[in-house]
Each structure stands twice: as structure tokens, then as C-alpha cells.
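Colleague: This is the structure, below, for whatever I ask next.
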Number of protein chains: 2
Amino acid sequence: MKTSFIILFTFSLSTLISQNNEDSILIRKIYDYFLTESKCYDNLHYLCKKIGHRLSGSDAAQKAVQWAYETMKKAGADTVYLQPVKVPVWKRGKAFANIIVDNKKLPVNVLALGNSVSSNNTIVAEVVEIKNEQELEKIGTEKIKDKIVFFNVAFNPKNISTSQSYGECVKYRYIGASYAAKYGAKACIVRSMTLSHNKSPHTGNMQYDEKISSQKIPALAISYQDADTLSTLLNKYPQLKLELYTENATQDSVLSYNVIAEIKGKKYPNRYITIGGHLDSWDVGEGAHDDGAGIVQSIDAIYVFKKIYRPNNTIRIVAFMNEENGLMGGKVYAREAAKKQEKHITAIESDAGGFTPRYIGTDTTNGLLKLAQSWNPLFKPYYIEIVKGGGGADISPLKKIFNIPLCSYEPDNQRYFDLHHTKDDVFENVHKRELELGGGAISAFVMMVDKYFMND
Amino acid sequence: MKTSFIILFTFSLSTLISQNNEDSILIRKIYDYFLTESKCYDNLHYLCKKIGHRLSGSDAAQKAVQWAYETMKKAGADTVYLQPVKVPVWKRGKAFANIIVDNKKLPVNVLALGNSVSSNNTIVAEVVEIKNEQELEKIGTEKIKDKIVFFNVAFNPKNISTSQSYGECVKYRYIGASYAAKYGAKACIVRSMTLSHNKSPHTGNMQYDEKISSQKIPALAISYQDADTLSTLLNKYPQLKLELYTENATQDSVLSYNVIAEIKGKKYPNRYITIGGHLDSWDVGEGAHDDGAGIVQSIDAIYVFKKIYRPNNTIRIVAFMNEENGLMGGKVYAREAAKKQEKHITAIESDAGGFTPRYIGTDTTNGLLKLAQSWNPLFKPYYIEIVKGGGGADISPLKKIFNIPLCSYEPDNQRYFDLHHTKDDVFENVHKRELELGGGAISAFVMMVDKYFMND
């Protein structure tokens with residue numbers, strides 16, 4: 001008994017070691033590819049410079065669909081197809097704002113928030129500065145009516161993770177206008193979602209919630225520096241006025257597409273692992289980090305799963321449409337998967353920028369986190385740690401339907417909100433090797449999931 | 001027995017937990033200071049923009065000494081003093097190079113390496129491209145004599161750590177000229193120590209080794225792109241010539257200084273922990289990452305150890321002089337410590353740039369690594385991991401004398417060698433929060449060392 005136990009133990013141990021070696025060699029090959037042959041930096045250059053920003057429904061978004069289709073084909077996918085998605089169409093027009101104080105006009109930098117209505121005429125009104133939700137209610141209709149509400153809620157610099165700060169503040173951007181309207185405000189402006197002390201405003205999505213107010217008022221972001229200026233002046237001149245104009249158009253939804261590539265699984269062709277990012281971007285900058293990076297990292301996985309490691313399960317590379325202002329791509333993708341009763345194993349999203357690698361987040365569902373953390377020694381040489389986390393906007397509808405574990409690629413986030421949703425989110429601000437290392441991390445992680453996670 | 005064991009166990013556990021809590025609160029306070037009140041970014045701005053680059057022996061280096069002295073005073077140190085250090089003086093003059101092929105001149109970007117002699121006249125000679133040490137010997141005197149040796153050894157992009165690549169290649173820069181001279185070369189040029197595909201050459205120190213050759217020939221760095229161009233042209237036109245000129249001067253050593261601040265230890269005033277970086281820089285750019293970052297992070301530790309946590313041991317903040325081309329500051333510091341028979345506990349250096357935090361490296365001497373790694377859970381929320389490593393040029397002479405464990409602050413290194421020793425190492429390329437987070441990591445780590453490591 002004892003002998004056979006030892007033999008069995010020795011056998012298992014040597015199997016484990018040789019498996020580990022094999023995995024470690026594969027991971028090294030994947031990284032070697034990304035660091036020496038990857039197309040992701042050149043692809044990002046094309047997407048940013050030849051197509052540019054690409055809000056859902058725009059001509060550029062349509063061009064990006066075509067480009068993604070062709071690039072996935074060229075990368076060697078078994079099949080590439082377009083999945084129709086109806087997307088909202090919102091168009092930005094002119095916008096400006098001036099602080100009027102002592103009969104002088106001081107221009108401030110603003111950008112309409114996505115989905116904002118127009119102001120129709122120039123609005124001139126006093127400003128009520130709000131530092132938190134409770135304050136709005138406390139100040140009340142009497143003092144807010146016919147004024148402009150200024151949500152001046154800054155990122156907390158003490159948070160180490162800037163994503164945490166974003167999470168704490170973004171509700172003011174997303175739903176602030178409806179709350180301001182509830183108390184009779186004419187418009188609302190929101191401090192930009194950033195710690196970066198400059199004059200570049202950060203746009204982003206907002207929604208009108210009819211349950212809060214039936215009134216739709218214009219909503220704009222003001223730059224960090226201008227928010228500081230306005231707040232300082234309000235302290236000195238509480239009666240100052242803000243002049244504000246914004247011109248936007250919401251048009252009928254149009255047909256757009258998720259672009260999907262597949263590498264057929266050799267053992268389980270009907271089981272799917274999804275790797276994705278979003279193809280659309282805001283209509284400023286070039287959508288380089290958000291989310292050109294995620295798109296080109298995902299597309300390069302096609303090469304990995306065709307040439308370096310043939311997967312057991314079918315790998316789907318998805319360039320989702322309309323993450324920024326509707327999430328229609330993610331919703332359609334999950335709905336179609338449900339309709340076809342597909343078997344999904346997991347999904348990973350890269351939508352946190354192309355910065356230097358730190359973490360792969362995975363959630364605890366069906367034991368994936370525990371399993372994946374046992375791979376940490378393999379990922380340590382690549383500066384990657386598998387941690388509790390996971391998820392992503394586009395893949396979140398999959399979770400609701402299939403309750404599969406979700407994963408996310410999480411690069412360093414200190415610089416992300418400097419650029420996020422601004423004119424500065426351009427190709428030049430993406431670092432070649434950091435982008436490539438991220439691509440390596442995602443493909444290597446999915447290789448391990450494909451080999452060892454059944455999700456049964 | 002059982003009961004008292006449980007009581008003892010419970011007591012120890014609760015002591016441990018409350019200690020952990022106290023430490024965790026202190027670490028949080030240190031980071032809060034760095035992220036909201038720290039002077040390090042403003043200090044770096046002054047050092048870079050008002051003083052600029054500051055090679056040992058230059059007027060700017062002298063100004064930097066004065067500035068460091070005053071800044072340390074202002075930060076609240078108990079004592080600040082200058083430690084005299086004789087430093088070499090090397091001065092860069094004009095330099096240029098042209099590839100001559102088909103009777104045309106193609107200018108390439110070069111920078112003399114620090115300590116290089118002048119070419120006196122313009123050198124025009126054929127070029128021998130060398131890919132590794134062995135090749136030099138194989139090619140031999142016959143084919144090298146009177147030619148220019150071109151050390152074209154590129155960073156290996158497959159290395160995840162760029163510091164590793166630097167370690168593999170820097171010998172060609174440091175000692176290549178003497179090897180080339182041994183085989184009769186007239187001059188040598190070295191591919192810049194970088195993965196960054198641009199036209200900016202990277203300078204750095206070189207030495208002539210009389211044991212290898214008594215001949216001193218000019219040594220220059222050529223930019224990454226120009227190295228590629230030269231290599232490609234050499235393939236097509238092996239007889240092409242390089243025209244090369246460099247004008248430099250080595251002058252008599254002059255007196256300069258380490259700048260040292262002390263916060264007196266409340267329990268052990270005669271035991272020392274050193275925190276440092278180097279005040280000198282290369283004579284291009286502004287020495288922002290190398291090593292303005294380390295200097296301002298170290299100076300801010302003064303505030304921490306005066307206002308947030310009073311240390312048991314005396315904390316020495318040292319702005320070392322002459323790291324780049326002589327290490328005289330580090331040598332004098334250790335020699336003086338030995339002379340006075342000081343008791344040193346450990347030393348930490350920040351000289352790897354002001355990028356986003358990753359690691360504190362410590363060596364294994366006297367059990368510091370093992371102890372420090374038990375603190376990892378406390379550092380995890382700050383994206384810092386304590387790993388095996390440690391050391392730094394300026395503190396290395398301390399090791400030789402006292403055999404104390406050495407530590408290093410190790411931020412992310414993907415971008416470091418893009419800027420290292422070039423005109424691009426300027427203030428604008430340092431990210432405020434990344435710099436501050438580094439400062440927090442260093443001070444928090446030293447606080448823990450001060451509390452728990454006796455080095456007895």
C-alpha cells in the first residue's frame with residue numbers, strides 16, 4: 001500500500017511538474033509572439049489614425065466594423081461574421097460656457113455629456129454648487145429652481161485605485177441631470193471624472209430617468225481646472241452667472257454590428273470562451289486606450305489560438321459595438337447566445353486601457369478564481385497576478401443569462417482617467433510594450449482556462 | 001496547561017492584530033500625506049526647470065547641492081549637512097556623425113559617452129559591426145585595425161524586465177571602447193541602451209581599462225533608429241564609411257558634496273537607516289526620472305519621520321553626488337561611516353525612475369527579506385510587493401563595509417529606458433501620482449524596518 005501510494009504520489013507530482021513546464025513553455029511562446037511579432041500596435045495605429053473616434057452609428061463606427069472584420073480574417077480566424085445590433089445615434093454639436101462675473105465673461109471648457117439634450121437657446125443662470133447627493137435635497141427646489149446645478153464632486157486622491165474614485169463619482173455624471181431637473185434646474189454641469197489637473201473636459205454617458213424627473217435638461221462636463229475656478233469664484237461671488245450653450249441631436253437608431261471571430265475548439269467545438277473589448281468610442285480623441293487597446297489585444301489572440309495553441313473549446317473574439325452609450329452589443333451577444341442555447345465557459349474583457357499589466361480579475365463562480373490563482377506562479381515572471389475581480393460592461397449580460405464566471409484584464413490605472421473620454425485619448429499615449437504585455441497576459445490566461453476549466 | 005496556552009495564544013494573536021492595525025493605520029497616514037500634501041512633485045519641478053541637468057562638477061550640480069540643503073532644512077530635518085566629495089569633471093563638446101555611402105552623407109544622431117576622449121580631428125573610417133564579445137576576437141586585429149567598431153547589441157525584447165536587458169547590454173557601452181582599441185580600432189559607437197524606436201541617442205558612463213588596452217579611443221552612442229539604418233546599409237555597402245567627430249574635456253577633480261539630512265532616532269540615535277537617491281544627472285534632459293524622482297521622494301520622507309512617525313533609529317536622507325560617472329558620493333559616504341564606526345541597519349535607494357510602484361526589493365542578509373515579506377499583506381492595497389532584490393549603486397559601498405541588507409524601490413520599468421540618459425528625461429514625463437505613490441512606498445517600508453528590524 002505504502003509503495004503504491006508513493007508511486008502514485010510520485011507519478012502525480014511528476015505529471016504536475018511536466019504539466020507546469022508545458023504550461024510555462026506555452027505562456028513563454030505566447031509572450032514571445034506578442035513582444036516580437038504582434039500586430040497589435042500597428043493595428044491600433046490604423047484604428048486610431050485612419051479611422052479615428054467612432055461613436056455608435058457614425059460613419060467611422062461603420063468603417064471600424066469593416067476594418068475589424070478584415071483584420072480578424074487576416075489574423076487567420078476560422079470564421080468571422082457580423083452580428084447585427086441596433087444602436088442609438090447621438091450627435092454632438094457646438095457647446096460653450098462662460099462664467100459671467102463683474103460684467104466680464106470668463107470662458108470655461110465644457111463638453112456635452114453623451115445623450116444630453118440641446119439647450120436650444122443660450123442659458124444664463126446662477127449656479128448652485130453641490131458636493132453630494134444629500135445636499136441637493138437639503139438645498140431644495142426653492143434655491144435650485146431655474147438655476148444651473150454644478151456637481152462638484154472630486155475624485156478622492158487618497159484612493160489608490162483611480163477606478164474606485166471613478167466608481168464613487170460617476171453617478172453624478174450618469175444620472176445627475178435628472179436629479180437636478182427634479183428640483184427645477186435649467187441645466188447641469190459635472191466636474192470631469194479625473195484627477196488630472198488640466199483644462200480638458202471628459203465626456204461620457206448620461207441618462208434621463210423618467211422616474212426621477214420627466215424634464216430633460218442639458219448636461220455637460222467641465223474640466224478639472226475650470227471646475228476649481230468656478231468653485232473659487234462662487235465662493236467669492238455667489239451670485240455669478242453661467243452662460244451655457246449646447247447643441248446635440250438624438251436620431252433614430254441605426255443598424256450596426258458586433259464583429260465576431262471564431263477559432264474552432266478541437267475537443268468541444270460547441271463550448272465557448274469569449275475574449276472581447278469594444279469597438280465604439282467616444283466622439284473625441286481616438287479611442288486609443290478606450291478601447292482600441294482591448295480590441296487589438298483581442299484580435300491578436302486569433303493568431304495565438306491558431307498558431308501557438310489549438311484550443312479545446314471554441315474561442316470567440318468579439319469586438320462589441322455600443323459599449324459607451326447603450327451596451328446594445330453586449331446585450332445582443334448574450335441574447336443570441338441564449339437563443340441558440342450555447343454553452344459558455346467564461347468571458348474576459350479588456351476595457352481598462354493599454355497600460356502596464358497588473359492583474360487578471362476573475363470572479364468566484366464555479367471555482368474559477370481558486371483554480372486560476374493556482375496558476376499565479378506561472379504568471380509572476382510576467383508581472384501579472386490573478387486576483388478576485390472580473391467582469392466588464394460588454395460581457396455582463398452573459399453573466400445574467402448563464403451565470404458563468406467573468407474575467408477582466410486590469411492594467412495599471414494611475415494614468416487611465418487622465419485620458420478617459422477626452423481629446424487626449426490618442427495613439428501617441430499608448431506604450432507599445434505595455435500594450436503587447438497586456439495582449440500576452442490575456443491570451444496566456446485564456447489558454448490556461450481553456451486547458452483546465454470545464455465550468456461543469 | 002491547555003487553558004493558559006489558549007490565553008497566551010489569544011493574547012499573542014490580539015497583540016499581533018493590534019500591531020497590524022497600528023501599522024496599517026500608519027501606512028495609510030503616510031500614503032495620505034504623499035497623495036494630498038506631498039511637496040515631491042513641486043520639488044521635482046524646481047529641480048528640473050530651475051536647475052536642470054547637473055553633471056558632477058558643473059555649476060548646476062553645485063546649485064543642486066544648495067537647493068537640496070535648503071529643501072531638506074525646510075522639510076524639517078533635525079540636522080542637514082554637506083559631506084565633501086571630490087568628483088571627476090568631464091565636459092561634453094560638439095559631436096556629430098555621418099554615414100558616407102555612394103558619395104552622399106547621411107547624418108546620424110550620436111552623443112559622446114561620458115568620459116570619452118575627443119576625436120581631435122574628424123575620423124573617417126570603415127565600420128565593423130559587432131554583435132557580441134566573441135565576434136570581436138574572431139574578427140581580430142587585421143580586419144578591425146584603423147576602423148570604427150559598431151557594437152550593435154540590441155535589448156532583447158523578450159525579457160519582461162527592461163532592467164534585465166540593460167544588464168545584458170551595458171557592458172558594451174561601459175567597456176566596449178577598450179576592447180575595440182585592443183584590436184586597433186580608431187573609435188567605437190554603441191547602439192543606445194533602449195527598446196525605444198526613435199532618433200534620440202542615450203549617453204551614459206564608459207571607462208577605459210588599461211589592462212585591456214592603453215589606447216583611449218572616442219566612444220559614442222548612436223540612436224536606435226540610426227543603429228538600424230547603419231546596420232542595414234552595412235549589409236548592402238560593407239565598405240561604407242563613417243565620419244565621426246567628438247570634442248570632450250576631462251578636467252581636474254573638484255570639490256562637491258553629498259547632502260545629508262538626519263531625523264534623530266528616539267531610542268537608538270546612533271543606529272542609522274539610510275534613504276537615498278542621487279543628485280547628479282547626465283548632461284542632457286533634466287534628470288527627472290534619473291534621479292530627480294529618487295531625490296524628491298527621499299526628501300519627503302523627512303516630513304513623514306518628523307510629523308507622522310518618530311523613528312527609533314536615526315533616519316538619514318542622502319542626496320548622493322556623482323552616481324553617474326564615478327560613484328564618489330557613495331564611496332565617501334560609506335568610508336566616513338566606517339571611519340566613525342557607525343552602526344547601520346539597512347539602506348534603501350530609489351534610482352529606477354518615478355514610475356508606478358511595483359516592488360520593494362530587499363536582500364536576504366540577516367533575515368530582512370523574510371521579515372519584510374511578512375508585511376506583504378499590509379502593502380498589497382498599495383500595489384506594492386516586497387520581493388527578493390535590493391541594492392543600488394550609491395548604497396553598494398555600505399554593503400561592502402558593513403554587510404547590511406540593502407533595499408531598493410522598484411517601480412514599473414517598461415518606460416524607464418525610453419528616457420534614460422536622453423534629452424527626453426524631463427519633468428513632463430513624470431506622472432504626479434506615480435511619483436507620490438513611490439514616495440509613500442519608500443517611507444512606509446522604512447517605517448516598518450525601523451519598527452521591526454534590529455539587524456543584530
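The values are calculated or read from the model by the stated rules, or taken from the named source; none is laboratory data. Because the structure is predicted, anything quoted here is derived from the model rather than measured. Positions of Cβ are backbone-derived with ideal geometry, glycine not excepted, and every protein chain shown enters the neighbour counts.
Colleague: Within the range A:423-447, count every residue that is more than 14 Å from the chain's Cα centre (by Cα) and either over 22 Å from residue B:418 (Cβ atoms) or more than 13 Å from chain B (Cβ to nearest Cβ) (or both). Don't jump to the end; show me each part of the working.
Modeller: Within the range A:423-447, the first condition is being more than 14 Å from the chain's Cα centre (by Cα), and the residues that meet it are A:423-424, A:426-447.
Pick out the ones that are also either over 22 Å from residue B:418 (Cβ atoms) or more than 13 Å from chain B (Cβ to nearest Cβ) (or both) and you get A:423-424, A:426-427, A:439, A:442-447.
Selection size over the range A:423-447: 11.
Colleague: Test residue B:145 against the stated conditions and say whether it is at pLDDT below 95 and out of contact with any Cys (no Cβ under 8 Å at 6 or more places or on another chain).
Modeller: no
Colleague: Quick one: in the range A:197-208, of everything that is buried (at least 24 other Cβ atoms within 10 Å of the Cβ) and closer than 16 Å to residue A:415 by Cα, which residue is farthest from the chain's Cα centre (by Cα)?
Modeller: Step by step, filter the range A:197-208, then rank; the result is A:201.
Colleague: Please work out if residue A:95 is surrounded by 21 or more Cβ atoms within 10 Å (Cβ to Cβ), farther than 30 Å from residue A:253 by Cα and not basic (Lys, Arg).
Modeller: Numbers: surrounded by 21 or more Cβ atoms within 10 Å (Cβ to Cβ): yes; farther than 30 Å from residue A:253 by Cα: no; not basic (Lys, Arg): yes.
So residue A:95 does not fit the description; no.
Colleague: Now for a separate question. Evaluate the range B:431-447: report whether one residue or more is touching a helix residue (DSSP H, G or I) at 6+ places or on another chain (Cβ under 8 Å) and on the phi > 0 side of the Ramachandran plot.
Modeller: Looking through the range B:431-447, none of the residues is touching a helix residue (DSSP H, G or I) at 6+ places or on another chain (Cβ under 8 Å) and on the phi > 0 side of the Ramachandran plot.
Residue by residue, here is whether (1) in contact (Cβ under 8 Å) with a residue 24 or more places away in the chain; (2) more than 14 Å from chain A (Cβ to nearest Cβ); (3) of a type in the set (Val, Ile, Thr) holds:
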residue	(1), (2), (3)
B:359	yes, no, no
B:364	yes, yes, yes
B:402	yes, yes, no
B:419	yes, no, no
B:449	yes, yes, yes
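Colleague: Mind listing just one residue for me: the one in the range B:19-45 that is assigned to a helix (DSSP H, G or I) and of a type in the set (Ser, Thr, Tyr) and, of those, nearest to the other protein chains (Cβ to nearest Cβ)? Steps first, answer last, please.
Modeller: Residues of the range B:19-45 assigned to a helix (DSSP H, G or I): B:19-36, B:40-45.
Checking which are of a type in the set (Ser, Thr, Tyr) leaves us with B:24, B:31, B:33, B:36, B:41.
Numbers: B:24: 13, B:31: 7, B:33: 10, B:36: 6, B:41: 10 Å.
It comes out as B:36.
Colleague: Next up: Please work out which one of (1) touching a Leu at 6+ places or on another chain (Cβ under 9 Å); (2) modelled with pLDDT of 95 or more is the condition residue A:360 fails and give its number.
Modeller: Of the numbered conditions (1) touching a Leu at 6+ places or on another chain (Cβ under 9 Å); (2) modelled with pLDDT of 95 or more, the odd one out for residue A:360 is (1).
Colleague: Collect the residues in the range A:409-446 that are surrounded by fewer than 23 Cβ atoms within 10 Å (Cβ to Cβ), under 24 Å from residue A:37 (Cα atoms) and either not assigned by TED's automatic domain parsing to the domain that holds residue A:373 or not charged (D, E, K, R) (or both), keeping them in residue-number order.
Modeller: A:426, A:427, A:429, A:431
Colleague: Quick check: is even one residue across the range A:374-388 at pLDDT 95 or above, farther than 21 Å from residue B:383 by Cα and more than 14 Å from every other protein chain (Cβ to nearest Cβ)?
Modeller: Among the residues of the range A:374-388, not one is at pLDDT 95 or above, farther than 21 Å from residue B:383 by Cα and more than 14 Å from every other protein chain (Cβ to nearest Cβ), which makes the answer no.
Colleague: Residue under question is residue A:397, and the condition is that it be touching a Lys or Arg at 6+ places or on another chain (Cβ under 9 Å) and more than 14 Å from chain B (Cβ to nearest Cβ); does it hold?
Modeller: yes
Colleague: Of the residues A:149, A:153, A:108, A:124, which is on the phi < 0 side of the Ramachandran plot, away from every other protein chain (no Cβ under 14 Å) and in contact with a Ser or Thr (Cβ under 8 Å, 6 or more places away or on another chain)?
Modeller: Answer to the check: A:108.
Colleague: What's the number of the condition residue B:281 fails, among (1) among the polar types (S, T, N, Q); (2) not in a strand (DSSP E or B); (3) not assigned by TED's automatic domain parsing to the domain that holds residue B:53?
Modeller: The failed condition is (3).
Colleague: Name the single residue that is nearest to residue B:173 (Cα to Cα) among those in the range B:93-135 being charged (D, E, K, R) and free of Cβ contacts under 8 Å to residues at least 40 places away in the same chain.
Modeller: Filtering the range B:93-135 down to residues charged (D, E, K, R) leaves B:94, B:102, B:104-105, B:126, B:129, B:131, B:133, B:135.
Pick out the ones that are also free of Cβ contacts under 8 Å to residues at least 40 places away in the same chain and you get B:104, B:131, B:135.
Values: B:104: 29, B:131: 13, B:135: 16 Å.
So the residue we want is B:131.
Colleague: Out of the strands (runs of 3 or more DSSP E) lying entirely within the range B:102-147, which hold 1 or more residues that are surrounded by fewer than 19 Cβ atoms within 10 Å (Cβ to Cβ) and of a type in the set (A, V, I, L, M)?
Modeller: Per the criteria, B:104-108, B:123-130.
Colleague: Right, here's the next one. Consider only pairs whose beta carbons are under 8 Å apart and that are at least six residues apart or on different chains; among these, list those whose first residue lies in the range B:227-254 and is farther than 21 Å from residue B:203 by Cβ and at pLDDT 95 or above and whose second residue is assigned to a helix (DSSP H, G or I) and of a type outside the set (Val, Ile, Thr).
Modeller: Pairs found: B:240/B:233; B:240/B:234.
Colleague: Within the range A:300-333, work out how many residues are aliphatic (A, V, I, L, M), surrounded by 24 or more Cβ atoms within 10 Å (Cβ to Cβ) and not in a helix (DSSP H, G or I).
Modeller: 5
Colleague: Would you check if there is a residue in the range A:252-265 being polar (S, T, N, Q) and farther than 22 Å from residue A:72 by Cβ?
Modeller: Scanning the range A:252-265, I find at least one residue that is polar (S, T, N, Q) and farther than 22 Å from residue A:72 by Cβ, so the answer is yes.
Colleague: For the range A:155-175, name all the residues that are assigned to a helix (DSSP H, G or I) and among the charged types (D, E, K, R).
Modeller: First, the residues of the range A:155-175 that are assigned to a helix (DSSP H, G or I): A:162-175.
Correct list: A:168, A:171, A:173.
Colleague: Looking at (1) among the polar types (S, T, N, Q); (2) free of Cβ contacts under 8 Å to residues at least 60 places away in the same chain; (3) touching a strand residue (DSSP E or B) at 6+ places or on another chain (Cβ under 6 Å), find the lone condition where residue A:341 falls short.
Modeller: (3)
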